[in-house]
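K.L.:
One structure, pasted below without further comment.
Bear in mind these aren't lab numbers, they're just calculated from the coordinates by the rules spelled out. No experiment lies behind these values; they were computed from the predicted model shown.
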């Protein structure tokens, strides 16, 4: 890319950040001297900017800090002829309950729209789309059946069949990566359910493991069509940009991220391919990327090759599902079902080879070669895609630039004195304006109690939220992201006074729209890094869903850091897990080798915020004293510390990027945390074995940091490649390796 093109794209990114321009057409009209050939790059930049502003708009829940506070229905409450029995799960749009239909005398599942969202026209409209989508479907063994929808005392709800069992996400968390034959059968059933939905004119648009239920008899059922898009045009006959980009980034097709209106049945097949990858590997293809880098990876990078053995024919099917171009994938879900059925029926390797040839896409593929369990050292991206690399880097700036903007406020206009929460407000013309960012803000006075820990949260369907906590005109805390809650800003603060200003704002100039503020207290005790806690599980404690004893803690985490949690039980087998405030489980423990009384959990968060630690007994009826500790990466023993400079004369990989090899001897069963940092360039780490086969790679933890957590399967010498993400990048770096204590 020439300097002139780079400067033009840089200027466009800056204009988007400042809110001075909305799209590529407006920018080109202002700058007629620019080459019209830039339009495609400008449109991609603008599209991903929209995606960044609304990437998880379906996750606008109002979770509180405890399960009891989070529920808005309790056992015994009624919805029409249904009596609520228990909470089954929570999502962005609502919560799902087990209920008893009194007339029919049977259990059902009821999805209820969150009360505070019931006043949001966009949320209600999406809920009604779910009802319409479900109503179009005839019964099918691989689709969850909806019986009816209604409204009761201002609550919108959808009644569905109750599916006993689990989902594919929980299945893999419990059992680890699946055997290829089992994974293929589960995907075949899911594809059959999607084929049924597609035939009714419905594109699911949020296919992922947690939306594929697995019954006790092994049947897969597709659920949660709340994000589905009916393929009919709108009232004016147009297919327009969807206001909220929905779906989950780990499983989102390139066209859905770039142009949501273009998503069709083949987009669901791409997501199903990501799900197949998850079943085989235990993680989605680009799990180690941050939000915008996930979008770019789906658009331009081939997925990392499978590390586990799988038949060549299944690998070929996976490769075709993950094609970047929709036309290169299977044309229909029925076609995928047929391919998987033939694979299951193939009696020999010869037949499997024939199927592998049939499954290959007709169009040229950018995905990795399907044959073989692993590949020689190679970069998982197009070596010539410098422009794509620039866009990737540019949106890293978009993602983190808002974190670095100073408030620059001297005085705050106070529109209201807020005594009760939640509070609904509107950012609009006439509000205060931050001088530097030119963005609107509201200030709310909050009465607090010294010594109490508070969670301040701002959520919005319309603006990119940002929260600032101020006292006596001084800024105390600032945040514009939080884990697992979509368009959310969150601050955790222990009060050292009795009054603060809570400022609701946005990092983007001129954005306006409604928002909701909540203030919760953290009743659970804090888990403090490097300060172990001694506790006791006893009958008076909380119980988990399997009736095992549970103590709950909260822990503040920073994006990209490594956290190591350990729990040792005195006379019982412990279990550890991490949840976000909306009950989304993000990590579970593994037993420490050689003992049943100690477990370890390693966690690298994608976003900063609060997570909740469940100190749990593995079996119901067990309990007793326990020892719980948490530490960051620095808890490990340093085994390697190097400083280097990448520059002219250094070796390069096949894409022209510079690298330095560093020897690393590992021991079987030990866990190593490998970190590379640089202030000069976007870092890239590769871990390779003596045969130059890549074992692991990571291109970012946050900003210009990269990190790999690797558990050695055997004792042997390896090499760590300290590498740059893009050719031409150079400068100083540091490399550290720490061995986690057993």
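K.L.:
Would you mind computing the Rg to Rh ratio of segment 591-698 from its alpha-carbon coordinates, Kirkwood style for Rh?
P.N.:
1.06
K.L.:
Could you state, as a whole-number percent, how many of the C-alpha pairs of segment 637-739 are farther apart than 17 Å?
P.N.:
Counting every Cα pair in segment 637-739, those more than 17 Å apart make up 46 percent.
K.L.:
How long are the three semi-axes of the equivalent ellipsoid of segment 533-635, in whole Å, if each is the root of 5 times an eigenvalue of the C-alpha gyration tensor, listed from largest down?
P.N.:
Output for segment 533-635: semi-axes of 22, 16, 11 Å.
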